[in-house]
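Following: one structure in structure tokens, then a few remarks.
The values are calculated or read from the model by the stated rules, or taken from the named source; none is laboratory data. In this text, all values refer to a predicted model and were calculated from it rather than measured experimentally. All Cβ positions, glycine included, derive from the backbone under ideal geometry; neighbour counts span all protein chains shown. We work out accessible area using only protein heavy atoms, side chains counted, and drop any ligands, DNA or RNA first. Shrake-Rupley method; radii C 1.70, N 1.55, O 1.52, S 1.80 Å.
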Amino acid sequence: MAGVSESEQTQRPDGGEPRPEPLRFFGTTWLHHDGGYALRRAGVAAGSLIAAAAGALLLRFAYQGFQSAAVGTVVNVLFVVALAVCTLLAFRRTWDGYVRRPEGAPPEGRGLLLIGFVGSLLAYFVRSLIEAPGEKLLRAEYERAREQYERRRAGNPSARKRKRR
């Protein structure tokens, strides 16, 4: 999704009718909510929640490693705060990615977002309870491309059907 303009994704190069962009795990079923869309959403929600729980368990083991190493209270507090901040940043960045496309260069601090992977998984879970993650953004782009296509087609005399006299 990143680095590609919305017009390149939904409009065909030959000027034909725009096609919907497929979503991960959903394909183009998000357009008409067919082809097992509801079941896929339930599966994605459950899968992301299970993955977030496994990630939280992994982070708990990391925290226990800090405790058993007896590095001190300050390091333990810094570890917890760093994980919380990274998780919040990852959640926010992931959530914003479902509403609008990122602009400009790729974001800095990917390492921080990688540490906060649980936040990304939780954002995916919450969004999948509402819709297919990214559906709102793709639907708006697709409808805009359809409107542009219809306007171009309505303004093209060769596309109109001629009346017989």
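Restricting the trypsin sites (Lys or Arg not before Pro) of the range 45-115 to loop positions (DSSP other than H, G, I, E, B) with no more than 12 neighbouring Cβ atoms within 10 Å leaves Arg100.
A straight chain from Ala56 to Val80 at 0.36 nm per residue would run longer than the Cα-Cα distance by 7.4 nm. Label-to-label distance for Glu150 and Ser68 is 6.3 nm, based on points extended 7 Å past Cα in the beta-carbon direction. Descending by average beta-carbon neighbour count within 10 Å, the peptides 147-153, 66-72, 84-90 line up as 84-90, 147-153, 66-72, the highest first. Per residue, the convex hull spanned by the Cα atoms of the range 35-152 measures out at 106 cubic angstrom. Fully extending the segment from Thr28 to Arg92 would add 20.5 nm, taking 0.36 nm per residue of separation and subtracting the current Cα-Cα distance.
Surface composition of the range 18-145: carbon plus sulfur atoms hold 69% of the accessible area, using a 1.4 angstrom probe and ignoring ligands, DNA and RNA.
Taking packing as the residue-averaged number of other Cβ atoms within 10 angstrom, the listed peptides 37-44, 117-124 run from highest to lowest as 117-124, 37-44.
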